[in-house]
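*Asks:* Before anything else, here's the structure in question.
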Amino acid sequence: MEEVEVNEEELLSDENGNYAYLTLGGHLYTPSYLELIDHNKCEQCEKCLNMCETRGIDEEGNIVPEMPEICNGCGHCGNICPANSIVARPIPLEEMKRRVKRYKELKSK
């Protein structure tokens, strides 16, 4: 799959100033990104691991800390968690711009 070049200036925001994107149907969608996993609630069922397409959750059930931008904001992990142990949130547009810039810098090394 060919990687698409993202320019920080072209990123969109919703009415609350959070990063959003246009769906194929032309609707503005605000994704929620992994913030934390409450291990006190976690039942170790691994449903989130099996659902995560981008591998933003590691084998120990932790969010990959070095690259939070791995998470694509689909929300499937939180939707499938029977214990409601996953917390996700929208990302302010300025934070997403920093993440994109950081990702490009890490990738170029």
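The values are calculated or read from the model by the stated rules, or taken from the named source; none is laboratory data. Computed from a predicted structure; not experimentally measured. Positions of Cβ are generated from backbone atoms using ideal geometry, with glycine treated the same way; all protein chains shown enter the neighbour counts.
Residue by residue, here is whether (1) in a helix (DSSP H, G or I); (2) touching a Gly at 6+ places or on another chain (Cβ under 9 Å); (3) at pLDDT below 80 holds:
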{"residue": "34", "(1), (2), (3)": "no, yes, no"}
{"residue": "44", "(1), (2), (3)": "no, yes, no"}
{"residue": "50", "(1), (2), (3)": "yes, no, no"}
{"residue": "55", "(1), (2), (3)": "no, no, yes"}
{"residue": "73", "(1), (2), (3)": "no, no, no"}
{"residue": "79", "(1), (2), (3)": "yes, no, no"}
{"residue": "84", "(1), (2), (3)": "no, yes, no"}
{"residue": "94", "(1), (2), (3)": "yes, yes, no"}
{"residue": "101", "(1), (2), (3)": "yes, no, no"}
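*Asks:* Residue by residue through the stretch 15-30, note down the ones that are touching a residue at least 24 places away in the same chain (Cβ under 8 Å), over 15 Å from residue 99 (Cα atoms) and under 16 Å from the mean Cα position of the chain (by Cα).
*Replies:* 30
*Asks:* Would you call residue 16 surrounded by fewer than 16 Cβ atoms within 10 Å (Cβ to Cβ), modelled with pLDDT of 90 or more, in a loop (DSSP other than H, G, I, E, B) and out of contact with any Pro (no Cβ under 8 Å at 6 or more places or on another chain)?
*Replies:* No, not satisfied.
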